[in-house]
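The values are calculated or read from the model by the stated rules, or taken from the named source; none is laboratory data. No experiment lies behind these values; they were computed from the predicted model shown. Don't worry about glycine lacking a Cβ; one is built from the backbone with ideal geometry, like all the others, and counts go over all protein chains shown.
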Amino acid sequence: MLLSYFSMYLESLLSDPLIAIGASPTTEACQMAGSECYTYVLPGEFVLIAEYIGNPVNFTDLLSLPHGNANAFTAESASVYQLEFFPPDNSTVFTDDDCGAYGNPSVGSFFKICLQNVGDDLIAGTSLMIELTFNAGWLACPYNVTVDFGCFSGPAAWNYTLTRTVQLHISNYLADIVYSIPDGEIQSVSPLSDPIPSFYSAIDLLEVYSIAFNVTLTSSANLFQALTEIPTTLFLYVVGMIDATSGAGRQTGVETAAFQNLLALPLYAVNYNKLREYGDPLPPDLQYLITSGYFANSLYRIVIANWTLYVFTIISTCTLVWCAAMLVYCWVAKVVMPNTSDYPEFDFASKCLANNGEHCEEDGGLRTIFDGFGNADTANIVEQIKARRLFVGARTLGPSERVVIVADNPLRELEAGKKYL
C-alpha cells in the first residue's frame, strides 16, 4: 500500500487541490527566502470526512446526508499540517548514518538522499564531489560509476562531500477548512490557533524510503520481472529524472516539486494513518479526529486592501479641507461679484454697452427691458419680463438685412430661401 501512494503522488501530492493548498509562511526564515519559500497546507481530504455516530467502525458518507443545494462544506476547528520548504541558513555536515542509498547493480542505477534533524526541522541534502548547485536534495549515481560497481566503494564522484539543499519546517494548528461539493477541492484554510512545530524524524523517513525503493531481487527473479515491479519502476523514474535534470546541470521546477513531494509523502501516507486496512480498528484516541462541520453555499466578494482605505481617507480629507478653505476665502474676500439669475442670456444682455459707454444702439426697444437690471436676481427679472411681447423678423441695418429680435416697431416678415445675417 505504501508503494501505491509513492507511485501515485510522487509527482503531484502538493499540487493536488484535493490534498493540499498554498498558504502564507509562518516562519521568519521562509518569509525571508522570498521566491525560494514554498508553503503548503495539508488539511485532510474531503472524501475521508464522515459522520461519526459513536461507533469507530460505523461511519456515514458525508454526501449521503441531506444537504440541499449546498456547494460547500466547512469543517470547523480541524487539525491541519503546514509544510514550509526554504534554503537553510547554516551549513550542515552529514554523516554516513544520515544518508540512505537505494538501488541494485542489476537494474543499473542508484540514488542517494541524506536527511538530518535540526531541532524540529528536517534538513535534506546530497553528496557531491564537485561544486554544483541543485534545486533538489537527492543525487543519482552516474551510470559510468554504476556499471563499474563503484557507487559504494572508492572515491566515487557522488559519494564524497555532503551539501545540504533544503530545510523543511512542519507545524500543526487548528483551522476552519472549506471544501467544494461535490469535487472536494480545498477552497480555503482559515487558521484558528497559533502553529505548533512538529518533529519530523529523519530516521523514520529513511526507513520509509527503504521500503518504497526496495529493489532487492530474489534469486528466481529475472531482469524483466525486476523492471516491471512497482518499486523498480518507481526507482528508475526517480533516477531518470535526476539524471536528466539536476544531474545534467539543469534547473527545473519539476524535480523541485518531486523532491518536495518525496519529503511530504511519509507525512501524508503514514502520519495520516492511511496505511490502515479497511475494517481495522481506528486509534483508541479519536479526539483529534472528531470535529464539527456544516454544509453551506459559497459566496464570493471583493475584499479591499486596508491601505486603500487609508489612502482614500487622506485624499478625501485633503479635498474637504481645500473646499472649506475656498469657502472661507470667498466669504471674506473683498471682491464684490454682481448678482446672477436663472436667465444667463438676460444677465449678459443687460450688461451690454456701446463703445461710448451708452447702451447698444439700434436696440429695437429692448433697452426698456434691460435698462436697470444689470445686477438683478431671478425674481426681479421674472417680474420685469412678465406679460411683455418680443418680435422676430427682418430689418435692414446698413447694407444688409439681418434677423433681429425687438420689443417694438413692426418688422418685415422673413422670406423662405432668402439669406439673412
With the condition kept exactly as written, say whether any residue in segment 409-419 is surrounded by 14 or more Cβ atoms within 10 Å (Cβ to Cβ), at negative phi and without any contact (Cβ under 8 Å) to a residue 12 or more places away in the chain.
no
Any residue in segment 176-185 that is within 23 Å of Ile290 (Cα to Cα), touching a Pro at 6+ places or on another chain (Cβ under 7 Å), at pLDDT 80 or above and assigned to a loop (DSSP other than H, G, I, E, B)?
yes
Can you find a residue that is assigned to a loop (DSSP other than H, G, I, E, B) and modelled with pLDDT under 80 anywhere in segment 31-53?
yes
Entirely in segment 310-421, the helices (runs of 4 or more DSSP H) that have 2 or more residues that are modelled with pLDDT of 85 or more and aromatic (Phe, Trp, Tyr):
none
Among the residues in segment 189-196, are any at pLDDT below 90, surrounded by fewer than 16 Cβ atoms within 10 Å (Cβ to Cβ) and either polar (S, T, N, Q) or over 25 Å from Ala20 (Cβ atoms) (or both)?
no
